[in-house]
């Protein structure tokens, strides 16, 4: 069967893409990130801020996205990709599948490299400092699902994590490259990322079918109960950097709480999760995850179906 990583040596971004460098676009009044994709930027309290403070919010949102990408690719995706590649995933996989996992490992490391490169270029170009970013709490919440819902199966949890994330379709990878108001460097980097991720999506969709078929019926039931919480936690935004950025823009504690409560209301978050995970849910449906006793009810109870 044809692999989605066929032609990797000729097509992968790490093999072919140039380094994306910021030019003079900021002087022409272009922005750093699509403003429609920043949930709080249109809130009345944020609209009332001075333009320089609003620009700082956009810059810090870009930083948050790029730094999350950097950490996620290396700490979550490559952790699982290494297990698949080196034979410690628990599955007996043919050599081409394992080699493809190493190709993805290389891709993700390059995504992390150019994500940090963009952050540092923007910081140097704008003078807006990069806030401290701690990925540990997010990773702890993600790994904690295993201890709570799938105890004794840490490797399986790591594999399910990467399947969920690599089969999501978020508006960022789709919309940022199309937005002419955003500086070319950011649009090009996100476009580069999206092209690689299309191949990764196909790889991990096929991998999940193999993974699921190899589970015992009892373990399938346990995994199916884990997946709704895994999807929810994967897509629930970390609000600590949001609060920090809003405070740095000059909003007081009460105003920050109001903006966050208005812009990240539970039902709005559930709608966003359902939209981003629709292809992941289709994958689950196609392999029979939702046919496992109690699985469909678990997804419905979590507000995902």
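Numbers below:
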| read-out | value |
| --- | --- |
| Qualifying position, being in contact (Cβ under 8 Å) with a residue 60 or more places away in the chain, more than 24 Å from the chain's Cα centre (by Cα), under 22 Å from residue 178 (Cα atoms) and assigned to a helix (DSSP H, G or I), among 62, 57, 45, 26 | 26 |
| Hey, residue 75 in contact with a helix residue (DSSP H, G or I) (Cβ under 8 Å, 6 or more places away or on another chain), in a helix (DSSP H, G or I) and surrounded by fewer than 17 Cβ atoms within 10 Å (Cβ to Cβ) or not | yes |
| Residue within region 134-157 that is outside any helix (DSSP H, G or I) and within 29 Å of residue 245 (Cβ to Cβ) present | yes |
| Scan of region 179-190 for residues that are part of a helix (DSSP H, G or I), buried (at least 17 other Cβ atoms within 10 Å of the Cβ) and touching a residue at least 12 places away in the same chain (Cβ under 8 Å), ordered by number | 185, 186, 188, 189, 190 |
| Residue within region 251-260 that is surrounded by fewer than 14 Cβ atoms within 10 Å (Cβ to Cβ), in contact with a helix residue (DSSP H, G or I) (Cβ under 9 Å, 6 or more places away or on another chain) and over 28 Å from residue 154 (Cβ atoms) present | yes |
| Verdict on residue 176 being in contact with a helix residue (DSSP H, G or I) (Cβ under 7 Å, 6 or more places away or on another chain), under 21 Å from residue 239 (Cα atoms) and not in a loop (DSSP other than H, G, I, E, B) | no |
| Residue satisfying condition, being surrounded by 15 or more Cβ atoms within 10 Å (Cβ to Cβ) and within 13 Å of residue 165 (Cα to Cα), within set 211, 227 | 227 |
| Some residue of region 14-21 being free of Cβ contacts under 8 Å to residues at least 12 places away in the same chain and outside any loop (DSSP other than H, G, I, E, B) | yes |
| Selection from region 102-133 of residues that are in contact (Cβ under 8 Å) with a residue 60 or more places away in the chain and outside any helix (DSSP H, G or I) | 128, 130, 131, 133 |
| Residue 298 vs. criteria closer than 22 Å to residue 154 by Cα, assigned to a helix (DSSP H, G or I) and more than 18 Å from the chain's Cα centre (by Cα) | yes |
| Meets criteria (surrounded by 15 or more Cβ atoms within 10 Å (Cβ to Cβ) and more than 24 Å from residue 173 (Cα to Cα)) for residue 248 | yes |
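Only the coordinates and a few stated rules stand behind these numbers; no lab work does. None of these values were measured; they are calculated from a predicted model. Backbone-built Cβ (ideal geometry, glycine too); neighbour counts: all protein chains shown.
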